[in-house]
C-alpha cells in the first residue's frame, strides 16, 4: 500500500506517457486530418502555400515538394516533454496537487509541442527541395527539441527553487 501511495502518481504519469506515445498509431484518419490541419494552417501563414489532404499521407503542398504527415504530429516530443517534467518535479507536490501537476504537464506539453513542431516545420520547409532534406529536417528537429526541453527544464527548475510547494 505504501508503494502505491508513494509511486502511484508516477505510474499514472507513465501510463499517460505510453498513451501519448502510442496514440498516433490508433487515431482514426479524421482525427489525424483535424490535428494536421492546424499545422498546415500555420505553414500557410508563413509561406502562402496551399495544402491538399491525401488520405493516408497527410497534407501535401500544391507543388508536391513536402508533406505534413502523421510523423509531424510531434507525439514523441510531447510525450517526452510530459514525462520528463512530471518525473522531474512531481516530488515538489503532495496529495492531489500531484494530480494537478500531471494535468498541467499534459496541457503545457501539448501546447509547447504544437508551437515547437510548427517552428520545426517552418524552419525545415525552405530546404524541402534539397537532396538532404530528411537529414536537415531531422537535425533541425533534434536541435529544436533538445533546446526546448533544456529551456523548459531550466525555467521550471528556477521556479521551483524560488518557492516551496506543498
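Results for (1) in contact with a helix residue (DSSP H, G or I) (Cβ under 9 Å, 6 or more places away or on another chain); (2) outside any loop (DSSP other than H, G, I, E, B), shown as yes or no for each residue.
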position: 60; (1), (2): no, yes
position: 65; (1), (2): yes, no
position: 72; (1), (2): yes, yes
position: 77; (1), (2): yes, yes
position: 80; (1), (2): yes, yes
position: 84; (1), (2): yes, yes
position: 89; (1), (2): yes, yes
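Taking region 61-70 only, how many residues are crowded, with 16+ Cβ neighbours inside 10 Å and more than 21 Å from the chain's Cα centre (by Cα)? Of the residues in that region, 1 qualify. The requirement of being modelled with pLDDT of 90 or more and out of contact with any strand residue (DSSP E or B) (no Cβ under 6 Å at 6 or more places or on another chain) is satisfied by residue 122. For region 106-127, the set of residues classified as surrounded by 19 or more Cβ atoms within 10 Å (Cβ to Cβ) and under 14 Å from residue 148 (Cβ atoms) consists of 109, 112, 113, 116, 117, 118, 120, listed by residue number. When the test is whether a residue is loosely packed, with under 15 Cβ neighbours inside 10 Å, at pLDDT 90 or above, closer than 27 Å to residue 158 by Cβ and over 14 Å from the mean Cα position of the chain (by Cα), residue 103 passes it. Across region 71-100, the qualifying residues are those that are touching a residue at least 12 places away in the same chain (Cβ under 8 Å) and surrounded by fewer than 16 Cβ atoms within 10 Å (Cβ to Cβ), and the one among them that is nearest to the chain's Cα centre (by Cα) is 76.
Scoring residue 103 on the criteria (1) in contact with a helix residue (DSSP H, G or I) (Cβ under 9 Å, 6 or more places away or on another chain); (2) assigned to a helix (DSSP H, G or I); (3) closer than 25 Å to residue 34 by Cα leaves a single failure, condition (1).
For region 109-122, residues that are farther than 18 Å from residue 137 by Cβ and either touching a helix residue (DSSP H, G or I) at 6+ places or on another chain (Cβ under 8 Å) or outside any helix (DSSP H, G or I) (or both) total 3.
Selection of region 123-166 for residues being in a loop (DSSP other than H, G, I, E, B), touching a residue at least 24 places away in the same chain (Cβ under 8 Å) and within 30 Å of residue 94 (Cα to Cα) yields 165, 166.
Within region 19-46, the residues that satisfy the criterion of being surrounded by fewer than 16 Cβ atoms within 10 Å (Cβ to Cβ) and either touching a residue at least 60 places away in the same chain (Cβ under 8 Å) or in contact with a helix residue (DSSP H, G or I) (Cβ under 6 Å, 6 or more places away or on another chain) (or both) are 38, 46.
The values are calculated or read from the model by the stated rules, or taken from the named source; none is laboratory data. What you see is a predicted model, and the numbers here were worked out from it, not measured in a lab. Positions of Cβ are backbone-derived with ideal geometry, glycine not excepted, and every protein chain shown enters the neighbour counts.
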